[in-house]
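For reference, the structure is listed below as structure tokens.
All of the numbers you see were taken from the coordinates with simple rules; none came from a lab. Values in this document were obtained by computation on a predicted structure and should not be read as measured data. Positions of Cβ are generated from backbone atoms using ideal geometry, with glycine treated the same way; all protein chains shown enter the neighbour counts.
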Amino acid sequence: MTYTVQKLAELAGVSKRTLRYYDQIGLLHPAEINASGYRIYTEKEVDLLQQILFFRELDVDLDTIKSIIYSADFDRKKALEEHRDRLLDKQEHIRMLLGNVEKSIQAMERKVEMTDNEKFIGFKEEKIAENEANYGEEIREAYGKEAVEAANQKFRGLSEEQYRKMEAVEQRLFEKLKRAMQGGDPTSPGAMQTAELHREWLSFNWSAYSKEAHAGLAEMYVHDERFTAYYDNKIGEGAAQFLRDSIRHYTMQ
């Protein structure tokens, strides 16, 4: 079966402008342009659009999607299985959030008692789901499934006080990193304090600490653009590199 831009847009629930933009950037070309000038899409393009929309649902940027679906080793079945697993994780996450909201409403109406940990679990699950979507594959490859699951379980068990302390430590880390960068020396005492704060922040998630694992994580900050963006967007360009260099020196002591 073939589709015009309008018909495919209606089928997929996207705008015609979106399809034209995908064509413009080389993400999804029509199979042909007919004699009347209409873009014509076939089943092959429908399948590609499905993959694109799955990846967009998982907040993958368009450039990354393009590099994935047009790579020589792209496996559509494997990709669909991974989409399914991530969507099931998201479904479970939404189910927990809904349950948490419902129980919060009932607690306000004095129908049920709600512990502080129960009030907080939804926010922690949201953090876990976000990290899984952004970095799950990479950190499992680097540290193994068991280590990641153990870290998630430790994070789930944090009390509200511990969670707030973790956030405070991270904020101090940002402030210290910004000041240390102004000095330009990733081995300075201020930079070492930054690395120590980073180690303290990790302790809220990691079940066990090692200098090797700490240094390995820091390497990911400069080799994966998503990790790099996390620090560079918050502190300034070069923040991830400076932090990596500081942690490298810290873990060699």
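Computed 3J(HN,Hα) for region 239-245, one whole-Hz value per residue from the Karplus formula 6.51 cos²θ - 1.76 cosθ + 1.60 where θ = phi - 60°, is 5, 5, 4, 5, 5, 4, 5, glycine and proline marked x.
Just to verify a number: FRET efficiency for ARG248 and THR2, C-beta to C-beta distance, R0 = 45 Å, to 0.05?
0.20
Cross-linked pairs LYS44/LYS145; LYS78/LYS211; LYS178/LYS211; LYS66/LYS211: Cα-Cα separations exceed 32 Å for LYS44/LYS145; LYS78/LYS211; LYS66/LYS211. Here the Karplus curve 6.51 cos²θ - 1.76 cosθ + 1.60, taken at θ = phi - 60°, turns the phi angles of region 178-195 into couplings of 4, 5, 5, 4, 5, x, x, 10, x, 10, 5, x, x, 5, 5, 5, 4, 5 Hz, with x standing for Gly and Pro.
Taken one residue at a time, the phi angles of region 49-64 give Karplus couplings (6.51, -1.76, 1.60, θ = phi - 60°) of 5, 4, 4, 4, 5, 4, 5, 5, 4, 9, 6, 7, 6, 5, 4, 5 Hz. Gly and Pro are set to x. Applying 1/(1 + (r/R0)^6) with r as the Cβ-Cβ distance of LEU80 and LYS178 and R0 = 45 angstrom yields a FRET efficiency of 0.55.
A cut-off of 5 Å between modelled amide H atoms, ignoring neighbours fewer than 5 places along the same chain, links LEU28 with ASP23.
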